[in-house]
Every structure is written in C-alpha cells, then in structure tokens.
Amino acid sequence: MTYEQILFETKEGVGWIRLNRPDKLNALTHGLSGEALDALDRCAKEPEIRAVVITGEGRGFSAGQDLNDLQSPEGQTVSVADHLRENYNRLIQAIVDLPKPVVAGVNGVAAGAGASLTFACDVRIASDKASFTQAFVKIGLVPDSGGNWLLPRIVGFAKALELSMTGEKIDAAEALRIGLVNQVVPADEFPSELESYAQALAKMPTRAIGATKRIMTDALHLTLGETLEREAVLQQEQAGSEDFREGVNAFMEKREPRFTGR
Ligand code: LHQ
C-alpha cells in the first residue's frame with residue numbers, strides 16, 4: 001500500500017507512523033485510518049520492528065475525525081456506526097493487540113478520536129505544546145474510539161467523566177498531573193527525546209513486553225485467581241525465550257544484556 005496521509009519508516013528497530021495532514025491538524029479521514037491500520041499491521045508482522053511510535057506532523061497530533069469527511073466518495077452521508085466499526089474500532093484494537101510497545105508522541109493538540117488514539121497507546125510522551133480535549137461533547141457526541149474504556153483506566157473514573165462531559169482542553173502540565181501522560185518534554189527537545197525513548201524500548205525483551213501488555217489488559221476483567229493462573233502459563237512461555245536466557249546469563253556475567261526480541 002502506498003501512503004498519502006501518513007509517513008512510515010523503520011529506523012533502528014522502531015516503526016515510525018507519522019500522521020501527515022498538518023494543515024488540518026492531522027484530522028482523521030477514512031484514508032488516513034486505513035493507511036495507519038496497514039502500517040500497524042506491518043509493525044506487528046516485521047520482526048525487526050520492536051517498538052512503534054505514533055506521532056503527528058506539524059503543530060497538532062490529531063484533531064480527531066475530519067468533520068469534512070463524513071460523506072462517502074459518492075457523496076452519501078455515511079453511517080457513523082459503520083464508520084466507527086470500519087475505521088477507529090479496528091485502529092484502536094490493532095494498537096492494543098499489537099504485541100510490541102506502542103508510544104504516542106503527542107507533539108500538539110489531540111482531540112476527539114485523536115485523543116483516543118493516544119489513550120490506546122502504551123505510553124504517552126508529550127511535548128510541552130501538547131494538549132488534550134474530549135471534543136466530542138462540543139459537537140453533541142459521546143466519546144468513541146475506546147475513550148469510555150481507556151480514559152477511566154488511565155486517569156480514574158471521576159476525572160475521565162469530567163473531561164468527557166465538559167470537553168475542557170487541558171495542557172501538557174495538567175495531563176502530567178492527572179497521570180494522562182508519562183512524561184512532558186520541552187518542544188525543542190521533543191523529537192530527540194521521543195527517539196531515544198523509543199529506541200531504548202526497541203532494545204528491550206520485546207516478547208516479554210508484548211506478553212505484559214496482553215496480560216495486564218486481560219487482568220482488567222479477570223479475577224485474581226484467573227490472573228495468577230494466566231501468569232503461570234505466560235511465564236512458562238517467556239522462560240523458553242532467548243531473551244530470558246540472555247537476561248540471566250548477562251546478570252551472572254555482570255554485563256549488559258543484548259536482547260534480540262526472540
Ligand atoms: C479541522 C478539524 C477537524 C476538519 C481542526 N476536522 N478540520 C467519529 C465518527 C463520526 C463522526 C464524528 O466524530 C467521530 C469522532 C471524533 O473525533 S469527534 C471529534 C472531532 N473533532 C473535533 O470536534 C475537534 C475540532 N477541532 C477543534 O476543536 C480545534 O481545531 C482544536 C481544539 C483541535 C485545535 O484548535 P486550534 O489550535 O485553534 O486550531 P484551528 O481550530 O484553527 O484548526 C486549524 C485548522 O485545522 C483549521 O483549518 P483552516 O483551513 O481554517 O486553517 C481547522 O478547520 C482544521 N481542523 N480540526 N476535526
């Protein structure tokens with residue numbers, strides 16, 4: 001697939017997905033969602049990719065649904081439910097299911113489904129120019145793209161509900177204070193910090209990270225007993241990995257481990 005609305009490259013173990021409609025603050029279209037989904041699929045399948053970054057070109061991360069793109073190519077108004085099923089639901093599920101770490105590099109404003117996209121990622125690194133708004137309510141909609149499931153799990157129910165009912169735009173400092181982002185970096189250092197962060201993740205034991213992500217997400221709806229059993233099975237799998245052998249050997253030999261993701 002050739003990409004027109006995203007940029008995609010692989011660099012030193014990191015798959016970079018850059019939303020690329022800067023004039024529209026990377027507002028999401030059907031085309032952009034399809035391209036991002038294709039790129040995520042490549043990131044999942046290509047073994048040399050061991051961490052993924054989703055970020056935005058220009059001054060925005062993503063302004064959410066492109067409000068000019070709610071018609072089919074034939075000019076018909078599309079069913080919103082079908083639009084969500086076909087685009088955002090698949091995108092959010094693909095990020096959460098991807099068995100590798102996914103970092104949102106939040107360079108600027110993230111609104112509506114654009115904000116949900118960052119919530120689906122495992123880590124949010126923000127520029128001090130970033131902001132977040134659950135913009136849905138401002139146009140008479142409910143949060144979508146997993147916002148009702150993901151945001152309360154990140155910041156807690158009360159804050160998630162408040163942000164969703166008011167649509168208030170919060171800046172990076174407030175996002176850090178409420179635990180919505182993991183780190184805030186000055187805008188001029190943001191590209192290099194984001195790259196270093198992602199490269200460090202790409203050198204870690206990828207399989208263990210993928211499994212951690214999976215079990216912690218599953219544990220949200222499991223009992224303690226079920227989780228303990230799931231841990232036993234998953235740990236057995238990890239114990240057969242090359243990275244486990246390397247990790248233990250490196251510890252014994254008092255040297256830095258060289259993980260390969262196998
Ligand atoms: C945009 C957009 C945009 C098009 C800025 N579309 N052009 C799912 C299924 C079906 C239905 C609908 O929704 C959904 C899920 C959703 O995501 S709903 C939420 C949709 N998003 C919004 O309602 C956010 C609308 N945008 C804004 O509130 C502001 O633009 C934010 C707060 C994001 C940024 O404000 P500013 O920094 O002041 O920038 P701006 O407003 O001046 O925008 C810059 C340009 O981007 C401007 O174009 P122009 O040609 O005038 O320079 C905007 O029209 C365009 N743009 N968001 N969603």
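The values are calculated or read from the model by the stated rules, or taken from the named source; none is laboratory data. What you see is a predicted model; the values in this text were computed from it and never measured. Every residue, glycine among them, receives a Cβ derived from its backbone with ideal geometry; neighbour counts consider all protein chains shown.
State whether one or more residues within region 175-195 are closer than 30 Å to Phe244 by Cβ, among the aliphatic types (A, V, I, L, M) and out of contact with any Asp or Glu (no Cβ under 8 Å at 6 or more places or on another chain).
Scanning region 175-195, I find at least one residue that is closer than 30 Å to Phe244 by Cβ, among the aliphatic types (A, V, I, L, M) and out of contact with any Asp or Glu (no Cβ under 8 Å at 6 or more places or on another chain), so the answer is yes.
Restrict the check to region 220-227 and report whether at least one residue is out of contact with any Gly (no Cβ under 7 Å at 6 or more places or on another chain), part of a helix (DSSP H, G or I) and either touching a residue at least 12 places away in the same chain (Cβ under 8 Å) or among the charged types (D, E, K, R) (or both). Let's see the steps before the verdict.
Of region 220-227, the ones out of contact with any Gly (no Cβ under 7 Å at 6 or more places or on another chain) are 220-227.
Keeping just the survivors that are part of a helix (DSSP H, G or I) gives 224-227.
Checking which are either touching a residue at least 12 places away in the same chain (Cβ under 8 Å) or among the charged types (D, E, K, R) (or both) leaves us with 226-227.
There is at least one residue in region 220-227 that is out of contact with any Gly (no Cβ under 7 Å at 6 or more places or on another chain), part of a helix (DSSP H, G or I) and either touching a residue at least 12 places away in the same chain (Cβ under 8 Å) or among the charged types (D, E, K, R) (or both).
Would you mind stating whether Gln134 is farther than 30 Å from Ile215 by Cβ and either at pLDDT 95 or above or more than 11 Å from the ligand (Cβ to nearest atom) (or both)?
Details: farther than 30 Å from Ile215 by Cβ: no; either at pLDDT 95 or above or more than 11 Å from the ligand (Cβ to nearest atom) (or both): yes.
Against the criterion (farther than 30 Å from Ile215 by Cβ and either at pLDDT 95 or above or more than 11 Å from the ligand (Cβ to nearest atom) (or both)), Gln134 does not qualify.
Within region 34-93, restricting attention to residues that are touching a helix residue (DSSP H, G or I) at 6+ places or on another chain (Cβ under 6 Å) and of a type in the set (S, T, N, Q), which residue is surrounded by the most Cβ atoms within 10 Å (Cβ to Cβ)?
Per the stated criteria, the residue is Ser62.
Residue by residue through region 48-65, note down the ones that are of a type in the set (Gly, Ala, Ser) and within 16 Å of the ligand (Cβ to nearest atom). Write out each step before concluding.
First, the residues of region 48-65 that are of a type in the set (Gly, Ala, Ser): 51, 56, 58, 60, 62-64.
If the condition is that a residue be of a type in the set (Gly, Ala, Ser) and within 16 Å of the ligand (Cβ to nearest atom), then Gly56, Gly58, Gly60, Ser62, Ala63, Gly64 are the ones that fit.
Among the residues of region 72-110, which ones are near the ligand (Cβ under 10 Å from one of its atoms) and closer than 27 Å to Met216 by Cβ?
Answer for region 72-110, where residues must be near the ligand (Cβ under 10 Å from one of its atoms) and closer than 27 Å to Met216 by Cβ: Leu84, Asn87, Tyr88, Ala110.
Being surrounded by fewer than 11 Cβ atoms within 10 Å (Cβ to Cβ) and either in contact with a helix residue (DSSP H, G or I) (Cβ under 8 Å, 6 or more places away or on another chain) or touching a residue at least 12 places away in the same chain (Cβ under 8 Å) (or both) narrows it down to one residue among Glu246, Glu195, Glu256; which is it? Quick ask: steps written out before the conclusion?
Values: Glu246 fails: surrounded by fewer than 11 Cβ atoms within 10 Å (Cβ to Cβ); Glu195 fails: surrounded by fewer than 11 Cβ atoms within 10 Å (Cβ to Cβ).
After applying the criteria, what remains is Glu256.
So is Gly13 in contact with a strand residue (DSSP E or B) (Cβ under 9 Å, 6 or more places away or on another chain), within 16 Å of the ligand (Cβ to nearest atom) and in contact (Cβ under 8 Å) with a residue 24 or more places away in the chain or not? Even if it seems obvious, please write down each step before you answer.
Numbers: in contact with a strand residue (DSSP E or B) (Cβ under 9 Å, 6 or more places away or on another chain): yes; within 16 Å of the ligand (Cβ to nearest atom): no; in contact (Cβ under 8 Å) with a residue 24 or more places away in the chain: yes.
No: the conditions fail for Gly13.
Keeping to region 141-186, report how many residues are more than 10 Å from the ligand (Cβ to nearest atom), part of a loop (DSSP other than H, G, I, E, B) and surrounded by fewer than 20 Cβ atoms within 10 Å (Cβ to Cβ). I'd like the intermediate steps shown before the answer.
Restricting attention to region 141-186, the residues satisfying the condition of being more than 10 Å from the ligand (Cβ to nearest atom) are 146, 148-166, 168, 170-186.
Cutting the leftovers down to part of a loop (DSSP other than H, G, I, E, B) gives us 146, 156, 168, 178-182, 186.
Now narrow it down to the ones that are surrounded by fewer than 20 Cβ atoms within 10 Å (Cβ to Cβ): 156, 168, 178-179, 182, 186.
The total comes to 6.
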